[in-house]
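S.K.: Please see the structure below; I have some questions.
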Amino acid sequence: MPAPTPAPAAAAASAATLERVEIAADRPSDTEARRRASAARIVVGRDEIERQGDSSVADILKRLPGVTLGGRPGRGGEVRMRGLGSGYTQILINGERAPAGFSLDQLSPDLIERIELLRAPTAETGARAVAGTIDIILREDVKKRLNTVKVALGHQDGGLQPGLSWSRAEQIEPFGYSLSANLSGGRRDSRSQTHTRRLFTPAGSEATALQVDQQALSRSQESRQHGSLGGRLQWRLGPGEQLALQPFAMVSSADTGSLTERSAAPDTLLAAQPYSRSDSEATFALGRLNGQWQSRWGGGLRSELRGGVSQSRWEGDTRQLDGPSADTAQASRSHSRVDDRWWTLGAKLNRSLAGGHALAAGLEAELGRRDQRSDEEGSGAADSLADTLNARTERTALWLQDEWDLDAHWSLHGGLRWEQIATHSDWDLGTVRHRSRVTSPLLHAVWRPVEGGRDQLRASLTRSWRAPSLQNLVARRSISRSTPTDQTNEATRPDRIGNPALRPELATGLDLAYERYLADGGLLSIGLFHRRIADLIRPVTTLQTVDWASAPRWVSQPRNLGNARSSGVELEAKYALKALLGADAPRVDLRHNLALFRSRVDGIPGPDNRLDQQPDWTANLGADWRLRGWPLTLGASLNLTPRTTVLQTSSETGSQASRQDARRVLDAYALWTFVPGAKLRLSAANLLARDFDTESSVLGLDASGRTLTTSDSRERSTTHWRLELEVRL
């Protein structure tokens, strides 16, 4: 007997029971994102940033393989990849170069979604990355509602440093947003001591005279306030179409008072005034708005259009007293204002092709203007000194790249980038026009010996470059205030001037790496790199007759010295302790990395003819321990960098050398989670608090004889304590 046919009503009821199914793709883990990348990169995600609870971006970066910081411990400083700073490391924010006047110290970690560290350049991210690229991605849209408040109180250098931050995110289809605000302030004291000596040996004589033997004690007190607001507003306009706006605003101010007292040994001269006091006020304000429109077209074609505008102003006022004593000191005053305006535009097309190809092409245009005004009164060179600088920078770039999954074993990433930077500046004493144009071929390859296995090998062959900065190009003088302009200043405290004839540095790079991904999300990696740099730029200090002083002055000016090379080995390991001791081991995650560097500047005899401030090695040891049965996590990290000596220049007219003390920085934290929505964190940065020593020396040779000037400085270092309460509302 045939089965009865379902009634129409029953069929309709069955259809009505079908429910809508949504498939959402989660972002891969940090380790998985690194594994999938066709060009070598390290990813530090939001979870890692929150677990460590760092108070600055520099504290996050210093734990990464091959990353070092300038300046004394506990105060942050310039971020360097592979020991190379001064423009060798490219800093991006959301894939675009950071605006003029911006410092990573001004960016709160609460505003950051993740940080990507690229060891070799790509056509899309840019080739002005001889050492590598650090791309900071600000907070993005989230799939769940977020409303978090953090209250913090810190103590460093004798002063309290309060802080308050707020983050909120919500998705209200088709609109989503995330907002983050940060307020901080505080006071801190600094103290340093400098010993300057000058020895002179007349020509044809072996007798050396001690001309200068000077001690200088400096004390300063700084009061700083900072506020920032950033976010992302996002509209889903349809399938594959999205519009996003990313506003960002920041305001900071600092009031600094400093006092320097100098004394000379018997029968020697003072190289500067015995008494110097300065009081300065500085403000910085930045506003930035970026927009992004993504669309999906037929045939798998996707487009992205980006645009942005930013404006910033730095303004500083300094009142100076210099003389034999506080009662007889002469007053001077300087006021400077720098206005920067930038406009950016970019477009990108992506298309997936047959055979595993992912083709992308793009163009970029950027226009920047700088207006700078400086006024000085009682400068010593004249009753008044004023100058004005107006500069315009135009940057254009075209790029093409192809990411090709050849088969289950091979992935290739090839690219070509053409970039041009034109600078036009007008200064009171002249006009400078400069143009840099570079074409960069880039090739990356990944080989996986076993399909779906845990091992892979990487190789990259690239061309990168470093463009001369505007400050280095413009022949604008910067006068050392420690010595009046009717006297010869010390070689270790020179005046400074630019060089319009500078050429860009070009670097050919080779990177090799082996990576093994562990079952528990851990990683073992070893990498090799080599860079050969042409037309190295380095400041050279010489004694000159100048138009801004009545006495000869020591002047530092950047020059193209010749060729250099840098090589290194980078080792990294991340794993859980249970991988070594079994499942019953404490819940401890371990992090280790070690980087070894070697460099040489051609034309400068060794030893120590390395690239500027590059150490022989750097190492990090870290651990995070989640206690069983307790809502408590403990963590610590140790950063090590050895003492570094650099011979910067060497010629028939003299030489320059600098030295930096070893850095041993120990940080620790304790994180107590009361309930899922409330956490209390106690952190201590720079627990060892070792004072930081730096040395510099300048040797001058001329017809009169041999002059050797040395300067040794010691800066006090302290521990930064911080207590932070986080509440999710």
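S.K.: Of the residues in the range 136-156, how many are surrounded by fewer than 21 Cβ atoms within 10 Å (Cβ to Cβ) and assigned to a strand (DSSP E or B)?
M.R.: 12
S.K.: Show the residue pairs that are 6+ apart or on different chains and have beta-carbon atoms under 7 Å apart, the first residue being within the range 643-659 and loosely packed, with under 15 Cβ neighbours inside 10 Å, the second being among the polar types (S, T, N, Q) and in a strand (DSSP E or B).
M.R.: What qualifies is Arg643/Gln660; Thr653/Thr542.
S.K.: How many residues are open to solvent by 40 Å² or more (accessible area, probe 1.4 Å) and under 18 Å from His195 (Cβ atoms) if we restrict to the range 260-305?
M.R.: Matching residues across the range 260-305 total 8.
S.K.: Something else: Go over the candidates Leu627, Leu596 one by one and state the one that is in contact (Cβ under 8 Å) with a residue 24 or more places away in the chain and under 18 Å from Phe529 (Cβ atoms).
M.R.: Numbers: Leu627 fails: under 18 Å from Phe529 (Cβ atoms).
After applying the criteria, what remains is Leu596.
S.K.: Something else about it: Report every pair of residues separated by at least 6 positions or lying on different chains whose Cβ atoms are under 8 Å apart, first residue within the range 355-375 and at positive phi, second aromatic (Phe, Trp, Tyr) and part of a strand (DSSP E or B).
M.R.: Listed pairs, sorted by first residue: Gly355/Trp404; Gly356/Trp404.
S.K.: I'm trying to understand the selection: among the residues of the range 588-616, which are within 19 Å of the chain's Cα centre (by Cα) and open to solvent by 10 Å² or more (accessible area, probe 1.4 Å)?
M.R.: Residues satisfying the conditions are Asp612, Gln613.
S.K.: So Arg97 fits all but one of (1) at pLDDT below 75; (2) of a type in the set (Lys, Arg); (3) surrounded by fewer than 21 Cβ atoms within 10 Å (Cβ to Cβ); what number is the exception?
M.R.: (1)
S.K.: Related question: Count, please, the residues in the range 620-641 that happen to be part of a strand (DSSP E or B) and of a type in the set (D, E, K, R). So that I can check it myself, show each step before the final result.
M.R.: Within the range 620-641, the first condition is being part of a strand (DSSP E or B), and the residues that meet it are 620-626, 632-641.
From what is left, the residues that are of a type in the set (D, E, K, R) are 624, 626.
Within the range 620-641, residues that are part of a strand (DSSP E or B) and of a type in the set (D, E, K, R) number 2.
S.K.: Right, something else. Which one is most open to solvent (accessible area, probe 1.4 Å) among residues in the range 674-729 that are charged (D, E, K, R) and closer than 20 Å to Gly158 by Cβ? Lay out the reasoning, then the answer.
M.R.: From the range 674-729, those charged (D, E, K, R) are 679, 681, 690-691, 693, 695, 702, 706, 712, 714-716, 722, 724, 726, 728; that's our starting set.
Filter once more, keeping what is closer than 20 Å to Gly158 by Cβ: 690-691, 714-716, 722.
Working: Arg690: 80, Asp691: 63, Arg714: 125, Glu715: 71, Arg716: 78, Arg722: 51 Å².
Step by step, filter the range 674-729, then rank; the result is Arg714.
S.K.: Filter the range 623-640 for residues that are within 26 Å of Ser566 (Cβ to Cβ) and in contact with a Ser or Thr (Cβ under 8 Å, 6 or more places away or on another chain); which is most open to solvent (accessible area, probe 1.4 Å)?
M.R.: By that ranking, first place goes to Leu640.
S.K.: Using the structure shown, decide if Ile60 is open to solvent by 20 Å² or more (accessible area, probe 1.4 Å) and outside any loop (DSSP other than H, G, I, E, B). Step through it out loud before you land on a result.
M.R.: Details: open to solvent by 20 Å² or more (accessible area, probe 1.4 Å): no; outside any loop (DSSP other than H, G, I, E, B): yes.
The answer is no for Ile60.
S.K.: Please count how many residues of the range 249-259 are open to solvent by less than 20 Å² (accessible area, probe 1.4 Å) and either in contact (Cβ under 8 Å) with a residue 40 or more places away in the chain or in contact with a Pro (Cβ under 9 Å, 6 or more places away or on another chain) (or both). Walk me through how you get there before you give the answer.
M.R.: Quick first cut of the range 249-259, residues open to solvent by less than 20 Å² (accessible area, probe 1.4 Å) only: 250, 252, 254.
Subset that is either in contact (Cβ under 8 Å) with a residue 40 or more places away in the chain or in contact with a Pro (Cβ under 9 Å, 6 or more places away or on another chain) (or both): 250, 252.
Matching residues across the range 249-259 total 2.
S.K.: With respect to the numbered conditions (1) of a type in the set (Val, Ile, Thr); (2) farther than 17 Å from Gln372 by Cβ; (3) without any contact (Cβ under 8 Å) to a residue 40 or more places away in the chain, which one is the sole condition not fulfilled by Val438?
M.R.: Among (1) of a type in the set (Val, Ile, Thr); (2) farther than 17 Å from Gln372 by Cβ; (3) without any contact (Cβ under 8 Å) to a residue 40 or more places away in the chain, Val438 violates only (3).
S.K.: Restricting attention to the range 212-240, which residues are in a strand (DSSP E or B) and open to solvent by 60 Å² or more (accessible area, probe 1.4 Å)? Break it down stepwise before answering.
M.R.: Initial filter on the range 212-240 (in a strand (DSSP E or B)): 212-238.
Result: Gln215, Leu217, Arg219, Gln221, Arg224, Gln225, Leu229, Trp235, Arg236, Leu237.
S.K.: Of the residues in the range 549-573, how many are in contact (Cβ under 8 Å) with a residue 60 or more places away in the chain and surrounded by 15 or more Cβ atoms within 10 Å (Cβ to Cβ)?
M.R.: The number of residues fulfilling the criteria is 14.
Listed here are the residues, each with its yes/no results for (1) open to solvent by 10 Å² or more (accessible area, probe 1.4 Å); (2) at pLDDT 80 or above; (3) closer than 30 Å to Ser469 by Cβ; (4) of a type in the set (A, V, I, L, M, F, W, C).
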position: Ser38; (1), (2), (3), (4): yes, yes, no, no
position: Arg72; (1), (2), (3), (4): yes, no, yes, no
position: Glu78; (1), (2), (3), (4): yes, yes, yes, no
position: Leu92; (1), (2), (3), (4): no, yes, yes, yes
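S.K.: Here's another thing I want to ask about it. Confirm whether Gln330 is at pLDDT below 90 and either out of contact with any Leu (no Cβ under 6 Å at 6 or more places or on another chain) or polar (S, T, N, Q) (or both).
M.R.: Values: at pLDDT below 90: yes; either out of contact with any Leu (no Cβ under 6 Å at 6 or more places or on another chain) or polar (S, T, N, Q) (or both): yes.
In short, yes.
S.K.: Could you grab me the full set of residues in the range 282-305 that are under 31 Å from the mean Cα position of the chain (by Cα) and touching a residue at least 60 places away in the same chain (Cβ under 8 Å)?
M.R.: Phe284, Leu286, Arg288, Asn290
S.K.: Only strands (runs of 3 or more DSSP E) wholly contained in the range 371-479 count here; list those with 2 or more residues that are of a type in the set (Ser, Thr, Tyr) and closer than 30 Å to Ala331 by Cβ.
M.R.: Details: elements: 384-405, 410-427, 430-447, 455-466.
Where strands (runs of 3 or more DSSP E) fall fully within the range 371-479 and carry at least 2 residues being of a type in the set (Ser, Thr, Tyr) and closer than 30 Å to Ala331 by Cβ, they are 384-405.
S.K.: If we scan the range 267-281, do we find a residue that is within 31 Å of the chain's Cα centre (by Cα), within 30 Å of Leu146 (Cα to Cα) and in a strand (DSSP E or B)? Steps first, please.
M.R.: Initially, the range 267-281 is screened for residues within 31 Å of the chain's Cα centre (by Cα), giving 278-281.
Remaining after also requiring within 30 Å of Leu146 (Cα to Cα): none.
Within the range 267-281, not a single residue is within 31 Å of the chain's Cα centre (by Cα), within 30 Å of Leu146 (Cα to Cα) and in a strand (DSSP E or B).
S.K.: Would you confirm, using the coordinates I've provided, whether Val665 is without any contact (Cβ under 8 Å) to a residue 60 or more places away in the chain, open to solvent by less than 30 Å² (accessible area, probe 1.4 Å) and in a strand (DSSP E or B)?
M.R.: Numbers: without any contact (Cβ under 8 Å) to a residue 60 or more places away in the chain: no; open to solvent by less than 30 Å² (accessible area, probe 1.4 Å): yes; in a strand (DSSP E or B): yes.
No: the conditions fail for Val665.
S.K.: Which count do you get for residues in the range 157-184 that are open to solvent by less than 30 Å² (accessible area, probe 1.4 Å), closer than 30 Å to Arg145 by Cβ and either outside any strand (DSSP E or B) or in contact with a Lys or Arg (Cβ under 6 Å, 6 or more places away or on another chain) (or both)?
M.R.: Residues meeting the conditions: 3.
S.K.: Still on this structure, please answer the following. Can you tell me which residue is nearest to Arg516 (Cα to Cα) among those in the range 409-453 that are modelled with pLDDT of 90 or more and basic (Lys, Arg)?
M.R.: Arg448
S.K.: Across the range 471-494, what is the number of residues that are among the hydrophobic types (A, V, I, L, M, F, W, C) and surrounded by fewer than 21 Cβ atoms within 10 Å (Cβ to Cβ)? Full working, then the answer.
M.R.: Initially, the range 471-494 is screened for residues among the hydrophobic types (A, V, I, L, M, F, W, C), giving 473-475, 479, 491.
Filter again for surrounded by fewer than 21 Cβ atoms within 10 Å (Cβ to Cβ), leaving 475.
Number satisfying all stated conditions: 1.
S.K.: If a residue must be closer than 13 Å to Gln656 by Cα and open to solvent by less than 30 Å² (accessible area, probe 1.4 Å), how many such residues does the range 522-541 contain?
M.R.: Let us first name the residues in the range 522-541 that are closer than 13 Å to Gln656 by Cα, namely 538-541.
Then drop every residue that is not open to solvent by less than 30 Å² (accessible area, probe 1.4 Å), which leaves 538, 540-541.
Count: 3.
S.K.: Continuing with this model, one more query. Taking the condition among the acidic types (Asp, Glu), assigned to a strand (DSSP E or B) and more than 28 Å from the chain's Cα centre (by Cα), does Asp189 pass? Spell out the reasoning first.
M.R.: Values: among the acidic types (Asp, Glu): yes; assigned to a strand (DSSP E or B): yes; more than 28 Å from the chain's Cα centre (by Cα): no.
No.
S.K.: Now a separate question. Return a yes/no flag: does the range 310-326 have any residue that is under 19 Å from Ala244 (Cβ atoms) and crowded, with 16+ Cβ neighbours inside 10 Å.
M.R.: Looking through the range 310-326, at least one residue is under 19 Å from Ala244 (Cβ atoms) and crowded, with 16+ Cβ neighbours inside 10 Å.
S.K.: Only residues that are more than 30 Å from Glu170 (Cβ to Cβ) and not in a strand (DSSP E or B): list them for the range 701-729, please. Outline the logic, then answer.
M.R.: Keep residues of the range 701-729 that are more than 30 Å from Glu170 (Cβ to Cβ), which gives 701-721.
Scanning the range 701-729 gives Ala703, Ser704, Arg716, Ser717, Thr718, Thr719.
The values are calculated or read from the model by the stated rules, or taken from the named source; none is laboratory data. Given the structure is predicted, the values throughout are model-derived calculations rather than measurements. Reconstructed Cβ throughout: ideal geometry from the backbone, glycine too, with neighbour counts over all protein chains shown. What goes into the accessible areas is simple: the full protein's heavy atoms, side chains included, and nothing from ligands, DNA or RNA. Shrake-Rupley method; radii C 1.70, N 1.55, O 1.52, S 1.80 Å.
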